[in-house]
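Notes to accompany the following structure.
Please treat every number below as a calculation from the coordinates, not as lab data. Bear in mind that the values here come from a model prediction, so they are computed numbers and not experimental data. Cβ placement follows ideal geometry from the backbone for every residue including glycine, while neighbour counts extend to all protein chains displayed.
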Amino acid sequence: MTFINPAILWGLAAISIPILIHIFNLKRTKKIEFSTLMFLKEIQQSKYKKIKLKQLLILLCRIAFIILLVMMFAKPFDKGFLGTPGEKAKSSVLLILDDSFSMQSRDKNGNDFDNAKKKITETLDALGDNNEIFFTTVSAIDKNSSTIPIKALNKLKDTLMLLRTSEISRNLNEVMYYAENILSSSSHTQKEMYLFTDGQRSFITNEITWGSRFKDNKNVHINFILTGNRDANNISIDTLNIVSKIFEKMRPVKIKAIINNHNNFNAANKSVILTMGSYKEEKVIDVPANQTVESEFIVKPENTGFISGKIELVQNDISDDEISGDNRQYFSFFVPKEVNVLIASGTPLDAEYIKLVLKSSQEITQGIEQSTYFNIKEINSADISSEDLERYNSVVIINKSRFTSSESAKLKEYIDNGGGAVIYSGSNTDIENYNTELMKQLDLPYIGLRYTLNTSVKFDKIDFDNPVFEGIFKKDTDKNNITLESPEIKSGIAIGGGKNSVTIVTLLNGTNFMVEYSKGKGKLIMFAVPPDMTSSDFPAKNLFSPVTIRSILYCSNINGIKPAVTGRDYFIDLNKISLKSDTLILSSDTKDEPRTREGKQNKIIALESNDGLLNIGKYLNNATNIKVTNSGIEVLAIPNNFNKEESITIRLKPTEIKEYVSNSYKLEANIISPEEQLTSSLLDLRIGKDLWKYFLIFAIIFLIIEYLLARSITKK
């Protein structure tokens, strides 16, 4: 026999109350001798013994009544000889259907997802109407509807047949967390959870971060109903990476898709198709067993603004790719129509070459119809503290002599929040001040000494993979020499490298010419020479214009699009987008995408304020490109993709599941394997009987006996 509410047993301490009362009454009795009544002693002696016996019986009845009453409230439950098959205390039962797309796996018995729905129907029949039933899918377990008990079981059975797999995936720890929320508000103390799943390893074994309230709860019974044993054959697009970091109209954008063959055999002639608007490109690849292959596409955006597309792996042979849910990845990037640039220089002459390059950018930047691609504001470098840096995509600082603490702090905040800066040193640069104020604030490597050379030096090494240089220069692969004419450097400062930095260009004298620093969400690029002819002939070389433009574009971080994962939190920073009304509209930008469960493609969000963070995760239920518009203007594009762990179809053995649940939650998990007969297995799990009624009956009997004994003493 066990107790459903064992904590109530602490109430057994109350049996001390009648015992103390009994002892106290004995101490109050005083013996007074009357000589005239001495002859009655012998007569009353026998009556006293009977009274004491009755008092003792009353004490025992009171103790028994308290014990039985406390044990009744502790809800005794027996699985032994009192238990009969199928007879069980009323329970709150939560049925959870794993609807992740890994349930598309199949074996000789059919599709895992269809099998799971049939098993739920069979379970409902086995449970009967004696319980409080809750039902949810894994994808919808966080919805309020999951907390409402099911009244019409037949209607639920009909609904099951209409359900489809979802692109939202969760792990067991999340499921346990939400399951506890559902069952905590249920009517019955005895709680059962039935999870109908394929037993996918990536679903079950995750680091415990959720569900801690479920740990060691003896009233909760966890049951896994497994749908299959076979690991599915699968090929997936695991990752989509936009390699290019600078986006210009009609300029190449490199996109790579990583195709993963999860099978133990090779896959040949797999078609991978990129679609971007009306543009389509197909590549055919072979993917060796248990390996990944990159498929690279190069596209040229014909328009400015948000550009979206997808890369799809064609499921042409189900024998090597049973799961279609992971065959499509979405991407978005932004091609700016204009770039806001702040130029802060010591004197107007310091910025002449930079302004000349930016104002003539129409000749360099293909596809730009107007010469105002760069919106330039020029200020004296001493006025940085009074400027709102957040208005600019990039800040160019030239030959600034010193930074104050407030200027350094302001620049740090700007870069931390995703802004970009390009700094050119000059003859006025106070190296000690830069180190103690700017570099220290930014936590970046300090600048070395200023140098002047007797003989000018040229470039030694260039990081051609850096976005600033990628695709604009060529390298002689045989001789590893630069094929473009290098500037000649006569003097400069030794800018530092190391922590949070990438050296882009080094000189033959061993110093750095150009270094990229990462800080927070933004970037800083520093040059060892000013953009004039005093220290080098850099501005006179062909590379000056493209390097200047691409450095500013790279640092501008205009393309800060963050991909989303279906069903996960996703925060929009309303301060980063221009809002003209208090309403956002979320829509799919492609006509062929599935509609939401509610049958709608558009979601209208009323904003309570125009600043702060807005969580739209609950709207991201399908893998697709999401277009966010405000007053008819697209303000954001969000590529929403599946969780790639769902593509790993390896299943755990029943013993491994039991061990994990035991170690993680201190609970015993019951596992019903696919080959077991479900109804009989469920009945075996549900053997037992509530005994509280019997304890109540006996408690009343002892109470009646105590009453009759007490009354008999009073009469005499």
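Rounded to the nearest 10 degrees, the angle from helix 112-127 to the longest Cα principal axis of the chain is 20 degrees.
Annotation: the antiparallel percentage among DSSP beta bridges lying fully within the chain is about 65.
Relative to the longest principal axis of the Cα atoms of the chain, helix 544-556 runs at roughly 20 degrees. Using 0.36 nm per residue and subtracting the Cα-Cα separation, the extra length available between Val502 and Arg230 on full extension is 93.2 nm. In this model, which of Lys245/Lys461; Lys300/Lys461; Lys256/Lys310 are farther than 23 Å apart at the alpha-carbon? Cα-Cα > 23 Å for Lys300/Lys461; rest within.
Report note on the peptides 696-706, 274-284: ranked by the mean count of other C-beta atoms within 10 Å, highest first, their order is 696-706, 274-284.
Given axes a ≥ b ≥ c from the Cα gyration tensor, I'd like to know whether region 226-269 is rounded (a/c under 1.5), prolate (a/b larger than b/c) or oblate. Taking the square roots of the gyration eigenvalues as a ≥ b ≥ c, region 226-269 is prolate. Within a straight-line Cα-Cα reach of under 17 Å, Lys52 can be paired with the following aspartates and glutamates, leaving aside sequence neighbours fewer than 8 residues apart in one chain: Glu42, Glu706.
Is the shape of region 99-179 rounded, prolate or oblate, going by the alpha carbon gyration tensor and its root eigenvalues a ≥ b ≥ c, with a/c under 1.5 for rounded and a/b larger than b/c for prolate? It is oblate, given that a/c is not under 1.5 and a/b is not larger than b/c.
Let me spell out the model: positive unit charges on the Cβ of Lys and Arg, negative unit charges on the Cβ of Asp and Glu, origin at the Cα centre of the chain. What dipole size does that give, in debye rounded to 20?
Roughly 4940 debye for the chain.
Rounded to 0.05, the FRET efficiency of the Leu53 and Glu675 pair, given R0 = 60 Å and the Cβ-Cβ distance, is 0.40. Sequence-distant contacts, meaning Cα pairs under 8 Å at least 6 residues apart, place the relative contact order of region 239-362 at 25 percent.
Based on Cα contacts under 8 Å between residues 6+ apart, the chain shows a relative contact order of 17 percent. Each residue, Thr205 and Leu20, gets one label point 7 Å from its Cα in the Cβ direction; the gap between the two is 5.5 nm.
Counting Cα-Cα pairs of region 253-407 in 10 Å increments starting at 0 gives whole-percent bin shares of 9, 27, 19, 16, 16, 11, 3, 0. Straight-line reach from Lys157: taking Cα to Cα under 20 Å and skipping same-chain neighbours fewer than 8 places apart, the aspartates and glutamates in range are Asp98, Asp99, Asp112, Asp114, Glu122, Asp125, Asp129, Glu132, Glu192, Glu598.
Which aspartates and glutamates, if any, have their Cα less than 18 Å from the Cα of Lys359, not counting same-chain residues under 8 positions apart? Straight-line reach from Lys359, under 18 Å: Glu248, Glu338, Asp350, Glu369, Glu378, Asp532. Using the average count of surrounding beta-carbon atoms within 10 Å as a protection proxy, the listed peptides 657-667, 340-350, 375-385 rank, highest first, as 340-350, 657-667, 375-385. Residue separation of Asn380 and Lys562 scaled by 0.36 nm, minus their Cα-Cα distance, works out to 62.0 nm of gained length. Separation of region 647-686 from region 400-458 is 61 Å, based on Cα centroids. When each of the peptides 526-535, 192-201 is scored by the mean number of other C-beta atoms lying within 10 Å of its residues, the order from highest to lowest reads 192-201, 526-535. Taking Cα atoms, how many degrees apart are the long axis of helix 16-28 and the longest axis of the chain, rounded to 10 and kept between 0 and 90? Value to nearest ten degrees: 40.
Shape class of the chain from the alpha-carbon gyration tensor: prolate, with a/c at 1.5 or above and a/b greater than b/c. In this simple spin-label model, placing a label point 7 Å from the Cα along the Cα-to-Cβ direction at both Lys90 and Ala540 gives a separation of 9.5 nm.
When the listed pairs Lys254/Lys541; Lys143/Lys658; Lys119/Lys693; Lys117/Lys666 are checked against a 32 Å cut-off, the alpha-carbon distance exceeds it for Lys119/Lys693.
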